[in-house]
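Shown next, in structure tokens, is the structure this report addresses.
The values are calculated or read from the model by the stated rules, or taken from the named source; none is laboratory data. As the structure is a computational prediction, the values presented were derived from the model and not from experiment. Every residue, glycine among them, receives a Cβ derived from its backbone with ideal geometry; neighbour counts consider all protein chains shown.
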Amino acid sequence: MADLVRARSHAAALPADAQRLLGAAPPLGGQPQPGYAEAHNNLGFALAGRGDLDEAITHYRKALESDSENAGFHYNLAMALVARGQARPAIAHLFRAVELQPEFVQARNNLGILLARSGRLDEAIEQFRQALEIEPGSAEVRRNLDIAGRRPADAAQ
């Protein structure tokens with residue numbers, strides 16, 4: 001139990017420490033340094049966990065500036081955008097995540113959910129089906145496919 005309390009106190013201090021470290025060493029020659037993208041992503045994750053979504057989004061975007069081909073960075077940004085009620089840009093980042101990493105089941109599932117909520121049921125069903133091809137045993141994806149398949153397009157909006 002003491003280890004858990006100690007771990008939580010260290011996690012709470014992480015964002016301030018990480019921000020200080022990121023600000024202490026500017027990129028050489030104006031170019032992002034290796035590891036900065038991951039550091040921004042990790043900081044974004046910690047900030048999102050604390051509920052500071054605006055700062056998390058800022059750091060996820062900085063991560064993507066350094067490494068726009070990382071599916072996980074797109075996914076994390078999308079999830080923070082969803083939490084802020086910004087479904088349209090989240091959908092775009094989830095599409096990019098599954099383009100970069102086609103076997104990313106959780107990204108496909110969440111993309112399907114957002115597409116269904118946006119009334120784009122055919123696209124949602126396709127994402128759920130592709131996710132099930134990758135992970136046939138996923139009860140969550142199967143349930144989402146069943147729900148989307150029963151839902152009239154006009155009720156989704």
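Somewhere in the range 114-133, is a residue under 23 Å from Gly35 (Cβ atoms), in a helix (DSSP H, G or I) and not charged (D, E, K, R)?
No, there is no match, as no residue in the range 114-133 is under 23 Å from Gly35 (Cβ atoms), in a helix (DSSP H, G or I) and not charged (D, E, K, R).
Any residue that is modelled with pLDDT of 95 or more, buried (at least 18 other Cβ atoms within 10 Å of the Cβ) and among the aromatic types (Phe, Trp, Tyr) - is there at least one of those in the range 74-93?
For the range 74-93, residues modelled with pLDDT of 95 or more, buried (at least 18 other Cβ atoms within 10 Å of the Cβ) and among the aromatic types (Phe, Trp, Tyr): present.
For Gly51, all conditions in the list (1) loosely packed, with under 15 Cβ neighbours inside 10 Å; (2) under 11 Å from the mean Cα position of the chain (by Cα) hold save one; what is the number of the exception?
So the condition that Gly51 fails would be (2).
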